[in-house]
Each structure stands twice: as C-alpha cells, then as structure tokens.
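In what follows, a single structure is set out as structure tokens and then discussed.
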Amino acid sequence: MLHNQTFEKRYIRKDGSVIWACLTVSLVRNDSGVPLHFITTVEDITTKKLAEEKYSKAFHASPSPSPSPGRTTEQFSRSMRPLRSPSVTPARKWLAYHD
C-alpha cells in the first residue's frame, strides 16, 4: 500500500534568493499495513510560481469592464448579455459552423 502527501514549500537560500519546491512524501506499507519505508521526491517549481505570480499581478491590475461615460448601467448590462449567455457557447458556435 502506498499513501502520499504533497506540499509546496518555499526555501530561502543564504544569498536571500527564493526557491519553490513541490515535495511528495509517500509511505510504503506491506500487505499487513506495517510501514516499510518512505519515498520522497522534490521538484523545483520556482519557474511555475514566478509565472503564477506574474499572471496574478497582471490579472488584478487589469481594469474590469465598466459602463462607458454617458451609458446607463442597464444599457451596459444589455450590451454584455450576449457574452454571458449560456446558450451561445464557443463550442456551439463551432458545431453550428461545421454542420
């Protein structure tokens, strides 16, 4: 039997730089359930974490849609309705085009 647990950990090096790692620790047991040994893997995910942080900053910095000056909130809501309509999805548009 094999049970595992995964953690994301941040390590700070002596020079102050940060390294992110994904640790997976597995406990191997025999058929009777007696622990035999651990298996541990460590994966460097620093690049992934930096990309996530960059995306998050860009996403939160982008302005959300808002009514143009001179338009009422109702006019704005009506103009956005086609974008939110569940009946017209990209998949349905594709299917309609390819029928």
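When the residues of the stretch 23-49 are narrowed to those that are in contact with a strand residue (DSSP E or B) (Cβ under 8 Å, 6 or more places away or on another chain) and among the aliphatic types (A, V, I, L, M), which ends up farthest from Phe7 (Cα to Cα)?
Leu36
Listed by position, the helices (runs of 4 or more DSSP H) enclosed by the stretch 15-99 that each have at least 2 residues that are modelled with pLDDT of 90 or more and of a type outside the set (A, V, I, L, M) are 46-61.
The values are calculated or read from the model by the stated rules, or taken from the named source; none is laboratory data. Everything numeric here is computed off the predicted structure, so don't read it as measured data. Positions of Cβ are generated from backbone atoms using ideal geometry, with glycine treated the same way; all protein chains shown enter the neighbour counts.
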